[in-house]
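The values are calculated or read from the model by the stated rules, or taken from the named source; none is laboratory data. Keep in mind it's a predicted model, so treat the numbers as computed, not measured. As a convention, Cβ positions derive from the backbone with ideal geometry for all residues, glycine included, and neighbour counts pool all protein chains shown.
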Amino acid sequence: MTSKDYSVDQIYLKISEREESIGWDHLTNAEQTFAIVMNMDYEVGNGGLMQYYYNSTGNDATYLHSALCRIGADKIAKIIQEINSYFGSDGPKKDRNARIKQLASFSKSIKEKIYEYDKYILNGPENIEELLLYFSEKNKLYELLQ
């Protein structure tokens with residue numbers, strides 16, 4: 001099976017089903033990486049990085065930088081590292097309510113910078129879908145579909 005035979009959405013669905021069945025902690029590192037990146041990609045496409053951090057997807061924000069690096073999205077990873085620094089030395093809180101308070105404290109200029117990053121990511125400095133397909137082949141995540 002090659003990446004031409006499946007989509008990132010199909011793999012994400014299987015990973016989500018496995019998470020529901022066995023729990024997040026029992027997913028493989030590759031499955032967790034894939035899911036973390038997909039969550040960010042969906043949120044940016046739907047409502048931007050502020051939405052990513054605001055929603056429960058942001059619970060994994062401290063892991064997003066390394067997940068992006070693992071799939072080869074180094075430019076976007078650098079952006080996430082910068083945004084995570086806006087949350088303070090400990091980064092974004094894992095607790096959603098605490099993280100929402102952090103977001104509320106952002107200045108207008110920081111929020112505007114994040115919105116600019118949304119545009120940059122959406123215009124594709126790196127193709128997340130292609131990188132995830134390559135990552136899924138390298139880590140044999142397509143086997144989840146069999």
**Checklist (1) surrounded by fewer than 17 Cβ atoms within 10 Å (Cβ to Cβ); (2) modelled with pLDDT of 95 or more applied to I80, failing item** = (1)
**Item:** Single match in Y142, Y134, Y52 (criterion: closer than 23 Å to D9 by Cβ, over 15 Å from the mean Cα position of the chain (by Cα), among the hydroxyl-bearing types (S, T, Y) and surrounded by 17 or more Cβ atoms within 10 Å (Cβ to Cβ))
**Value:** Y142
**Prompt:** Mind checking whether some residue in the stretch 68-85 is in contact (Cβ under 8 Å) with a residue 60 or more places away in the chain, closer than 30 Å to E137 by Cα and β-branched (V, I, T)?
**Reply:** yes
**Request:** Have a look at I15, I71, I11 and point out the one that is modelled with pLDDT of 95 or more, of a type outside the set (K, R), within 17 Å of Q81 (Cβ to Cβ) and touching a helix residue (DSSP H, G or I) at 6+ places or on another chain (Cβ under 7 Å).
**Result:** I71
**Failed condition for S109, given (1) of a type outside the set (D, E); (2) more than 19 Å from the chain's Cα centre (by Cα); (3) at pLDDT 95 or above; (4) over 21 Å from I76 (Cα atoms)** = (4)
